[in-house]
Amino acid sequence: MSTYLLPDQNVYFHPTSINDENPNETEKQEESYNNHLLATLPKDKGWRSETVFQYKGFWLSSQVVKGLLLIHNHFNPQPTDIFLSAFMKCGTTWLKALMFATANRHRYKFSNHPLLRTGPHSAFPFLDTHIFLDHPITNFDHLPVPRLFATHFAHDLLPTSITSTCKFVYVCRDPKDALISKWHFMSKIRSKELAPLSFNEAYELFCNGVSEYGPFWDHVLGYWKASQESPDKILFLKYEEMKREPAVELKKLAAFMGMAFTAEEEDQGVVEEIVKLCSFENLSNLEVNKDGGGGQKFTEKVVVENQEFFRKGMVGDWKNYLTEEMKERIDFITADKLKNSGLTLGITK
């Protein structure tokens, strides 16, 4: 189930399962170090799993901590690599589709596009967990150039070998909508062995910064500040602006990726075709993204059906869940956290 496209070969890559029966000495040492590290970290209640661990200021599951350490120790970035980064449920699914369609627009016809047959998360690897789906550690040399990767890791958690070398596309969202979308998503994939996570509990955890890859505000600020320092390396996008003017934002995205649309392409309606192909309305109604259409394997135990990545895709759904007091609390936290940064996000009167 865990596959991603190899556009230059028009085939899917199927990572092999990890075989832990005969680990080598290096793997044994890494596993021992991982277990020792986790035992020393602060922990709190997880949204999907029972526990999350605070590592260098951010809350991560045990598997994701393992993935991060493997990235630091084994991932070899290339200067042509392009990363899509976002806090969970802030537009990753949409941006994956847009970036893949943009990068491969000369390879495929819109009438028979791979995105019509596979979920957007099969477009390119989610590095956080795909790093250890192969055994030994996958090196991703089989991917065409430019290699596209997705990650939820905060900017400060990634090795400088990546952040100083590669380009990043970052998309953020009103934290109130991010909270609602994340709670729905994590509730669906939460371990059935655990009691459901109530919305009020999720709200308190979110406001306190405790959720997978959180705190939300620190995540956003890290990429925002980096984008201000190196605008040639990081394109900072807002979900709300993309919903308002998708064609304008797509052209900005393509130019940043080094794949700007030509005047001829614009005249031919290529921009509009990509916007239409990757729209929530189109993707969510494809059979592959409905019940039984398929899924993505993120770890040996975590498989997410494609349909779970599509709920509403709208701006302002928080109004259906938050009281005025709850809204004001999040807006206050947002204003305080982003103070003097030059970034405004999701604060409503």
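The values are calculated or read from the model by the stated rules, or taken from the named source; none is laboratory data. Remember, predicted model here, so these are calculated numbers, not experimental data. Here the Cβ positions follow ideal geometry from the backbone for every residue, glycine too, while neighbour counts run over all protein chains shown.
Output the helices (runs of 4 or more DSSP H) that fall wholly within region 260-335 and possess 3 or more residues being more than 24 Å from K238 (Cβ to Cβ), or say none.
Working: elements: 263-267, 270-277, 280-284.
Once the helices (runs of 4 or more DSSP H) in region 260-335 are filtered for at least 3 residues that are more than 24 Å from K238 (Cβ to Cβ), what remains is 263-267.
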> List pairs: first in region 195-209 and under 22 Å from K337 (Cβ atoms), second surrounded by 16 or more Cβ atoms within 10 Å (Cβ to Cβ) and not hydrophobic (A, V, I, L, M, F, W, C), Cβ under 6 Å, 6+ apart or cross-chain?
Replying inline: L205/S211; G209/P215
> With F132, F110, F140, F83 as the choices, which residue is within 30 Å of Q29 (Cβ to Cβ) and out of contact with any Phe, Trp or Tyr (no Cβ under 9 Å at 6 or more places or on another chain)?
Replying inline: F132
>> Please go through region 133-164 and give me each residue that is in contact with an Asp or Glu (Cβ under 9 Å, 6 or more places away or on another chain) and either modelled with pLDDT of 95 or more or closer than 28 Å to K243 by Cβ (or both), ordered by number.
In response: P146, R147, L148, F149, A150, T151, H152, F153, A154, D156, I162, T163
> Before we move on, is A226 in a helix (DSSP H, G or I), touching a helix residue (DSSP H, G or I) at 6+ places or on another chain (Cβ under 8 Å), more than 25 Å from V275 (Cα to Cα) and aliphatic (A, V, I, L, M)?
Replying inline: yes
> Which of (1) assigned to a helix (DSSP H, G or I); (2) over 22 Å from the mean Cα position of the chain (by Cα) does K339 not meet, given it meets every other one?
Replying inline: (1)
>> I want to confirm something. Restricting to region 78-97 and keeping residues that are of a type in the set (S, T, N, Q) and part of a helix (DSSP H, G or I), which single residue is surrounded by the fewest Cβ atoms within 10 Å (Cβ to Cβ)?
In response: T92
> List, please: which pairs have Cβ atoms under 9 Å, are six or more places apart or on different chains, and start with a residue in region 106-132 that is under 17 Å from V304 (Cβ atoms) and end with one that is exposed (fewer than 15 other Cβ atoms within 10 Å of the Cβ)?
Replying inline: T118/Y12; S122/Y12
> Of the residues that sit in region 305-344 and are crowded, with 17+ Cβ neighbours inside 10 Å and among the aromatic types (F, W, Y), which one is modelled with the highest pLDDT?
Replying inline: W318
